[in-house]
Amino acid sequence: MSMSLRVISFAFLSCLLLLSTAAMAQDPITKSPVPDRDLRNEPLLKSQPLPVPPPPDLKRVGVEGGELTLTLNEAIRRTLENNNDIEVSRDNVRLAESTLRSFEGVYDPLISFTPQFNDVRTPAANTSGDVGLFGPIKQTTLSFTPAITKQFRTGGGQYQFFFNSQRATSNTTFTQLSPFYTASLGASLTQPLLRNRSIDQFRHDIRVQRKVLSQSDADFRLQVITVISQVQQAYWELVFAKRDEQNQLSNVNLAREQLRMIEEQVSVGTSATLDRAQALTQIATAETALLSATQVVTTAENVLKQLILRNKSASEWSNRLKPTDEPSLDPTPINLKDVLDEAFANRPELSRLRVQQDINKIDKQFFKNQTLPRVDLQATVFSYGLAGSRLPTATGSPSASLVGGYGQTLRNLGSVKTGTLSIGATIQFPLHNTTAKANLATSRIQGEQLVATIQSQEQAVEADVRNAVQAVETTQRQVNTARAATKSAEIQLAGEMKRYQAGMSTTFLIFQFEDQLVTARTAELRAEANYNQALANLQRATSTTLSANRVTVDVARP
């Protein structure tokens, strides 16, 4: 029985071996063969000294001008003066101010003049008044009616002062005065008692526009904060790029110095000429990293230039930017509750939504008022004056006070013996008032939506601030660990260099420790830049960017 099992097992293993052989035959593993070169004539292996390669060319295209030194505050100031996005947002505030002034123009007094001349000729009718006329009846009038009309800012009423003046002639036989002059001086008032009394369309539009102006101011603040935050991010990114370029350049110089040391050792026979190839490989690798770092500098410079320069024609596009501020590290812990309170008090997005709630309250007040009946009080009072020249053919004798010219008319007007007083009302009761009720319901629904929107925005602010605080804490720790790693890498390289000089180490290990050091320094530079960028982002999240950078934004005044 055991013999049978061994036979079966052997057959099974044989099948597996055949299957694996077939699979390998179908998908063979290919390896690059090691080149077999004849190195006897290789220049690197000759005993003659090899010159150190020249330093790399770090010229950048389109950057032929001088050097422009910038502090972070100077970069922010230039941005506030030149940035086009901020200019657009500033113009939006001005547009809101202009719109408000145009709405308030409804309360400007309106002076009107209505001069008019009429010449009427009608056929004579066979009536007693037309006896003796053989031609058409002629009547001419020349009138001039100035008036001042003004809307009340409170109460929704309107008043008008008017002065009507007229000169007329007539050839009818029953006319006693021709030409005669009439004048009336008076005032009229229209005052809503229900609808449009507490608020009307004019006051609604003005109040809403004042809130819109506040919103445009909040939008402007948000735009300024956003742009300043972009400047801060770009500035510290450029600081990192410039410092990392120097770090990579130092690595190139270190590799070139190592090649020089190898040449000295080759000349005295303590190193093999083959070590040159390793040094040259290290130099080429370091130069490649340096060129990549230079490209990063160009990109970071252009990002910052795009923010601080007004247009593409600015001469500073050809300048090299030199940031002078150094990254800082503040070990002071951040109080989460305090920064959250700052964010909820300062964030322009929340301010804008709160102002939108105020607009919604104005809408609801107006639409509720429009559901009321219309009851408007109307009153008119005026004095009347009349005088003219007596016709010789007139029958009867007019009163002596009526005979005279235009001056007599004005005297009669001033005597206030004749005039009119009229008081009335306009009353309207809409049967359904569907439009006003629907508008009121819409404004109430919008109010409920705003409550939910504000809650959602508050949650977004909460998450944004918490993430920003954690980023500051994390990057602060990363700076400390990166600095420790750099210090250890420096010690390792220094120790290995002593071992190398004592003949106890190899070029390969030296280059490994050099690579570790440049990597550690890059990580340290990156961590320092990240920390300062995280601080800038925390300022943005709490909307303290303006105060932290001593930037004052003028508030638009309605």
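The values are calculated or read from the model by the stated rules, or taken from the named source; none is laboratory data. Computed from a predicted structure; not experimentally measured. Glycine also receives a Cβ, built like all others from the backbone with ideal geometry; neighbour counts cover every protein chain displayed. These area figures cover heavy atoms from the full protein model, side chains too; ligands, DNA and RNA do not enter into them. Shrake-Rupley method; radii C 1.70, N 1.55, O 1.52, S 1.80 Å.
Think of each Lys and Arg Cβ as +1 and each Asp and Glu Cβ as -1; about the Cα centre, that makes the dipole of the chain roughly 2720 debye.
The mean sequence separation of alpha-carbon pairs under 8 Å and at least six residues apart, normalised by the residue count of region 385-513, gives a relative contact order of 13 percent.
Kindly provide the Kirkwood hydrodynamic radius of region 218-294 in Å, to one decimal, from all pairs of distinct alpha carbon atoms.
Radius from the Kirkwood sum: 15.2 Å.
If you restrict to DSSP beta bridges whose two residues both lie in the chain, what percentage is antiparallel, to the nearest 5? For the chain, the DSSP antiparallel bridge percentage is about 90. Taking the Cα atoms of region 314-421, the ratio Rg/Rh between the radius of gyration and the Kirkwood radius comes to 1.62. Shape summary of region 51-94, radius of gyration then Dmax from alpha carbon positions: 19.0, 67 Å. Taking 37 °C and 0.692 mPa s as the conditions, I'd like the Stokes-Einstein D for region 171-252 in µm²/s, using the Kirkwood hydrodynamic radius from alpha carbon pairs. Rounded, D is 155 µm²/s.
At q = 0.07, 0.09, 0.12 Å⁻¹, work out log10 I(q)/I(0) for the chain with the Debye formula, treating every Cα as an identical point scatterer and leaving solvent out; two decimals please. Reported log10 I(q)/I(0), two decimals: -0.77, -0.96, -1.20.
Each label point was placed 7 Å from the Cα along the Cα-to-Cβ direction; for Leu110 and Thr154 their separation is 2.4 nm. Measuring nothing but how far apart in sequence close Cα pairs (under 8 Å, 6+ apart) lie, relative to its length, the chain scores a relative contact order of 20 percent. Using a probe of 1.4 angstrom and keeping all protein chains present, the accessible surface of region 336-416 works out to 52 square angstrom per residue.
Of Gln459, Ser292, Thr371, whose Cα points farthest to the positive end of the dipole of the chain (charges on the beta-carbon: +1 Lys, Arg; -1 Asp, Glu; origin at the Cα centre)? Comparing the listed Cα positions along the dipole, Thr371 ranks first. Enumerate by residue number the chymotrypsin sites (Phe, Trp or Tyr not before Pro) in region 301-387 meeting two conditions: DSSP loop (anything except H, G, I, E, B), and at most 13 other Cβ atoms within 10 Å of the site's Cβ. Counting only loop positions with at most 13 other Cβ atoms within 10 Å, none of the chymotrypsin sites (Phe, Trp or Tyr not before Pro) in region 301-387 qualifies.
For region 386-453, the Cα-based Rg and Dmax, in that order, read 29.9, 87 Å.
Can you tell me the FRET efficiency between Ser547 and Leu95 if r is taken as the Cβ-Cβ distance and R0 is 35 Å, rounded to the nearest 0.05?
That gives a FRET efficiency of 0.80.
The fraction of accessible area contributed by carbon and sulfur in the chain is 57 percent, rounded to a whole number (1.4 Å probe; ligands and nucleic acids excluded).
Which trypsin sites (Lys or Arg not before Pro) does region 467-558 hold that lie in a coil by DSSP with at most 16 other beta carbons within 10 Å?
Arg550
Rounded to the nearest 500, what is the chain's calculated 222 nm mean residue ellipticity when only DSSP H runs of at least 4 contribute -39500 (n - 2.57) each, over all residues? Please list the in-between numbers first.
Details: 11 runs with 310 residues, N = 558.
Only helices count here, giving -20000 deg cm²/dmol.
Restrict the search to region 246-346; then list the trypsin sites (Lys or Arg not before Pro) that DSSP places in a loop and that have at most 14 other Cβ atoms within 10 Å of their Cβ.
Within region 246-346, the qualifying trypsin sites (Lys or Arg not before Pro) (loop, at most 14 other Cβ atoms within 10 Å) are Arg310, Lys312.
Please state the Cα pair-distance histogram of region 502-555 with 5 angstrom bins from zero: what percent is in each bin? Over region 502-555, the share of Cα pairs per 5 Å bin runs 5, 15, 13, 13, 10, 9, 8, 7, 6, 5, 5, 4, 1, 1, 0 percent.
What FRET efficiency, computed as 1/(1 + (r/R0)^6) with R0 = 45 Å and r the Cβ-Cβ distance, is obtained for Asp57 and Phe344, rounded to the nearest 0.05?
After rounding to 0.05, the efficiency reads 0.25.
Note on Glu257 and Arg77: with the Förster distance fixed at 45 Å, the Cβ-Cβ geometry gives a FRET efficiency of about 0.60. Take the Cα of Ala147, step 7 Å toward its Cβ, do the same at Glu316, and the gap between the two points is 6.1 nm.
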